[in-house]
Amino acid sequence: MGNKIWLSSPHMSKEGYEMQYIQEAFDTNWIAPLGKNVDGFESELANRVGAKYAVALSSGTGAIHMALKAAGVDKGDIVFCQSLTFAATANPIIYQNATPVFIDSNYETWNMDPDALEKAFKKYPMVKAVLIVHLYGLSTDMDNIMSICNKHNATVIEDAAESLGTRYRGKHTGTFGEYGVFSFNGNKIITTSGGGMLVSNNEEKTKKVRFWATQARDKARHYQHSELGYNYRMSNIVAGIGRGQLKVLDQRIAKKKYIFEFYKKHLGQLDGIHFMPINTWNEPNYWLSCLTLSGNVKPLDIIEALEKNNIESRPIWKPMHMQPFFADYDYIGADVSEKLFENGVCLPSDTKMTDDDLHRVVNVIKKLW
């Protein structure tokens, strides 16, 4: 059967960069939250993506929560949210007692459809924020999205959890809107085991997020709290892993691209296979290699065939408006996100995969034709 091939698992640097930062934290006894690695990770990631400020947090979900709070989203406010995404994008809207309205995607980007967004603003003109997603490392059509949101004075929050290193017309995703969010979960292109980052060019709001995320502790000798706080800060050990991982981000992007192009070369001629869209203005990080099917072979056929050969794959995200928890909230659009979910597959995209592993995946799939 062969060794397990994972969808996307943690990949530490062969140079041992991560351990160097972790060892320094141990040697200086900076084990608890905050410290030199946290400060370093924030500044290094901000510099990497071209943002002025960054706050290292315990998760990408926490970063989205803080972005919504910083945007002034509160009880009863409406937030537009891309439907085709993971639940972590939408859940923080509920944390703030706000109301999500889900927006369809289009086939050109697999991300938020500008036409559907325009329709949504006509129905709901008073919108506090728009949560867009750069799905699977594919950038959203930011020119159109930003133009529409600016016209309606809505704050743009970019869920770039899956798109660290992705560029839209040369500019990093996560830096177009007021706030950008990255994730370092175990399956992301670089990982800290868990953790996230909020980036922004707004110094005042960034300071406020840092304050809220550190239990909103007032500047006083005693423990005093004038606002509701959260235990959302990243630990110094975790940040050390992130600093080391950031050094190999370019290597990881190159390998992810290699994997995608390998699949496209060896599977692209099969009837009914359509790979995720790579546009001329988009330089994706190829986090996961995804495709849709339009022939007799169905996604479950591929998933089960790979599973029998000890290979992990998964369906495309199930849209939020189809989730039981969110079923009662409004949805604007057609059925693009539903079709992508019903017909889509995420192929194993682990950066530790060898050519033999890739051929193994391809051969299993080819047998279905």
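Key figures for this structure:
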| quantity | calculated |
| --- | --- |
| Region 98-136 - residue that is over 28 Å from residue 293 (Cβ atoms) and of a type in the set (Gly, Ala, Ser) and, of those, surrounded by the fewest Cβ atoms within 10 Å (Cβ to Cβ) | 98 |
| Complete set of residues in region 1-40 that are modelled with pLDDT of 95 or more and of a type in the set (Ser, Thr, Tyr) | 8, 9, 13, 17, 21 |
| Positions within region 173-224 being within 30 Å of residue 8 (Cα to Cα) and of a type in the set (Gly, Ala, Ser), in sequence order | 174, 177, 180, 183, 186, 193, 194, 195, 196, 200, 213 |
| Subset of region 17-50 (residues that are touching a residue at least 12 places away in the same chain (Cβ under 8 Å), in a loop (DSSP other than H, G, I, E, B) and more than 24 Å from residue 230 (Cα to Cα)) | 50 |
| Test: residue 84 is crowded, with 24+ Cβ neighbours inside 10 Å, not β-branched (Val, Ile, Thr) and not assigned by TED's automatic domain parsing to the domain that holds residue 348 | yes |
| Members of region 68-84 that are over 27 Å from residue 106 (Cα atoms) and over 21 Å from the mean Cα position of the chain (by Cα) | 72, 74, 75, 76 |
| Helices (runs of 4 or more DSSP H) contained entirely in region 267-369, each with at least 2 residues that are more than 25 Å from the chain's Cα centre (by Cα), modelled with pLDDT of 95 or more and more than 28 Å from residue 121 (Cβ to Cβ) | 299-308, 355-366 |
| Within region 210-244, tally of residues that are out of contact with any helix residue (DSSP H, G or I) (no Cβ under 7 Å at 6 or more places or on another chain) and either surrounded by 24 or more Cβ atoms within 10 Å (Cβ to Cβ) or among the β-branched types (Val, Ile, Thr) (or both) | 2 |
| Unique match (being surrounded by fewer than 24 Cβ atoms within 10 Å (Cβ to Cβ), modelled with pLDDT under 95 and either assigned by TED's automatic domain parsing to the domain that holds residue 64 or touching a Pro at 6+ places or on another chain (Cβ under 7 Å) (or both)) among 147, 193 | 193 |
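Residue-wise test of (1) in contact (Cβ under 8 Å) with a residue 40 or more places away in the chain; (2) surrounded by 17 or more Cβ atoms within 10 Å (Cβ to Cβ).
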site: 307; (1), (2): no, no
site: 323; (1), (2): yes, no
site: 337; (1), (2): yes, yes
site: 347; (1), (2): yes, yes
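The values are calculated or read from the model by the stated rules, or taken from the named source; none is laboratory data. On a predicted model such as this, the values are computed, not experimentally measured, just so you know. Neighbour counts are summed over all protein chains in view; Cβ atoms, including those assigned to glycine, are modelled from backbone coordinates with ideal geometry.
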